[in-house]
Amino acid sequence: MNTAKATVLENFNAPLATRDYPLPQPEPGAALVRTEMAGICGTDVHLWKGELPIALPVILGHETVGHIEQLGPGLDKDWSGQPLTIGDRVTWTSATSCGKCYYCAEKKQPTRCPNRRAYGIGYRCDEPPHFLGGYAEFHYLQPGVNVFKLPDDLPTESVIGAGCALITAIHGVERTGIQWRDTVVVQGAGPVGISALAVAKTAGAAKTIVIGGPANRLEMARRFGADHTFDIAEIKTPKERIDIVRELTGGYGADAVLECVGSPPAVVEGMEMCRDGGRYLVLGHYCNAGPVSFNPHVITRKQLHVIGSWSSEPRHMKGAIEFLRSTHNQFPFRDMITHRFDLNHCNEALATTASWQCAKSVIIPRLARA
Ligand SMILES: [Zn+2]
Ligand SMILES: [Zn+2]
């Protein structure tokens, strides 16, 4: 086979197009992977709508699992040092940092590396090696990629069901330093909120409160062990929601509040849900949703720690794989996948994600049609 199919974002807000591109031969340190499953992330909807500045055309998809088809010379081990061979089932970090710049080498903030580019977001597909996104029959892994061999007892559905939300949440929760017996509020019940809940619980959170919607997402939060869930469609005002959190925390507020919403007013509300001296994580604002007015006096008076977290590092992917494997009975990430589509139905898959009909849609290039 010399060419393969990809689904391509050529114009914002327009249907994705199916294109054939020549398959690349792996150069030293690279690999060609046959896509098994590609997740659709909420970010893909933002990209499709043109809400983030990217150069088109692009093959979307930055949460992908596949099988190694060809290995370039020199790529014989994964990020953890396990041997790699043809046929291995692997995943990889969507972005790679340079390891040499001020932020990578000196300040140890590799997610802020200015040389970072992400598969499925930051590469044009009209030039070789073309296949740098998940919505395609094949995915090319460039030299320097952080690739991870998946253990046989970890289903692909778990890895993609967790998707980039889990590694984002692991990084964010790590920065909050949640401690044993902490009370934790999660604002938002989307994939990042559900993941943050799971990570906070394993970090030691004793009581967890999830505030979000709609009802099916809150039901998922309860399956993931949320002690209390509140629907913002039913408890409509910030004051009521803040009062509920205070009531459930002896009048003080939570030790940590994790914002996983991406809506600016949620930040103002969430800070008020913290106890004095508590920690507030702003995790959901991957897109620039604009400003909000608030009174900084709150931060001083409450002695708040306000924390930001951007994307994730390779070690978070390694941690996620071990976490998914060891907690699959407690956290049903594979059940997050509710809709499956083949490559010819990527537009339906994106529309399903955009309308919040589903917890998670995925692309399976070789999905057998009923
Ligand atoms: Zn994503
Ligand atoms: Zn760098």
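The values are calculated or read from the model by the stated rules, or taken from the named source; none is laboratory data. What you are looking at is a predicted structure, and each value in this text was computed from that prediction instead of being measured. So basically every Cβ, Gly included, is an ideal-geometry build from the backbone, and we count neighbours across all protein chains shown. Remember, those area values only see protein heavy atoms, side chains included, never the ligands or the DNA or RNA. Shrake-Rupley method; radii C 1.70, N 1.55, O 1.52, S 1.80 Å.
Among the residues of region 1-43, those identified as at pLDDT below 95 and outside any loop (DSSP other than H, G, I, E, B) are 42, 43. Per the listing 99, 87, 120, the residue uniquely assigned to a loop (DSSP other than H, G, I, E, B) and either in contact with a Ser or Thr (Cβ under 8 Å, 6 or more places away or on another chain) or within 16 Å of ligand 1 (Cβ to nearest atom) (or both) is 120.
Regarding residue 110, is this residue in contact (Cβ under 8 Å) with a residue 24 or more places away in the chain, out of contact with any strand residue (DSSP E or B) (no Cβ under 8 Å at 6 or more places or on another chain) and either more than 21 Å from residue 17 (Cβ to Cβ) or not small (Gly, Ala, Ser) (or both)? Yes, satisfied. A count restricted to region 213-228 and to residues that are part of a loop (DSSP other than H, G, I, E, B) and within 13 Å of residue 190 (Cα to Cα) stands at 3. When you look at residue 105, is it surrounded by fewer than 17 Cβ atoms within 10 Å (Cβ to Cβ) and either of a type in the set (Lys, Arg) or within 16 Å of ligand 2 (Cβ to nearest atom) (or both), yes or no? So residue 105 fits the description; yes.
When we screen 157, 174, 127 for residues that are assigned to a helix (DSSP H, G or I), under 30 Å from residue 18 (Cβ atoms), open to solvent by 40 Å² or more (accessible area, probe 1.4 Å) and more than 16 Å from ligand 2 (Cβ to nearest atom), the only hit is 157.
One residue alone among 43, 3, 35 is under 24 Å from residue 167 (Cβ atoms) and away from ligand 1 (no atom under 16 Å from the Cβ), and that residue is 35. If the Cβ limit is 7 Å and pairs must be 6+ apart or interchain, which residue in region 41-70 that is within 16 Å of ligand 2 (Cβ to nearest atom) pairs with which residue that is open to solvent by less than 60 Å² (accessible area, probe 1.4 Å) and at pLDDT 95 or above? From region 41-70, no pairs qualify. Check region 284-293 and report whether any residue there is of a type outside the set (Gly, Ala, Ser) and touching a residue at least 40 places away in the same chain (Cβ under 8 Å). Yes, region 284-293 contains at least one residue that is of a type outside the set (Gly, Ala, Ser) and touching a residue at least 40 places away in the same chain (Cβ under 8 Å).
Only one entry of 340, 325 meets the criterion of being closer than 22 Å to residue 62 by Cα, open to solvent by 90 Å² or more (accessible area, probe 1.4 Å) and in contact with a strand residue (DSSP E or B) (Cβ under 9 Å, 6 or more places away or on another chain), and that entry is 340. Of all residues in region 177-195, which are part of a helix (DSSP H, G or I) and β-branched (Val, Ile, Thr)? 192, 194 - these are the residues of region 177-195 that are part of a helix (DSSP H, G or I) and β-branched (Val, Ile, Thr). Which ones in region 241-298 are under 28 Å from the mean Cα position of the chain (by Cα), part of a helix (DSSP H, G or I) and not β-branched (Val, Ile, Thr)? Passing the criteria: 241, 264, 265, 266, 269, 270, 271, 272, 273. Screening residue 118 against (1) of a type in the set (A, V, I, L, M, F, W, C); (2) within 27 Å of residue 171 (Cβ to Cβ); (3) away from ligand 2 (no atom under 16 Å from the Cβ) leaves a single unmet condition, (3). Scanning region 350-363 for any residue that is in contact (Cβ under 8 Å) with a residue 60 or more places away in the chain, open to solvent by 80 Å² or more (accessible area, probe 1.4 Å), under 30 Å from residue 99 (Cα atoms) and not β-branched (Val, Ile, Thr) turns up nothing.
Conditions tested, residue by residue: (1) in contact with a Phe, Trp or Tyr (Cβ under 8 Å, 6 or more places away or on another chain); (2) surrounded by fewer than 20 Cβ atoms within 10 Å (Cβ to Cβ).
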residue: 33; (1), (2): yes, no
residue: 39; (1), (2): no, no
residue: 63; (1), (2): no, no
residue: 77; (1), (2): no, yes
residue: 90; (1), (2): yes, no
residue: 112; (1), (2): yes, yes
residue: 117; (1), (2): yes, yes
residue: 135; (1), (2): no, no
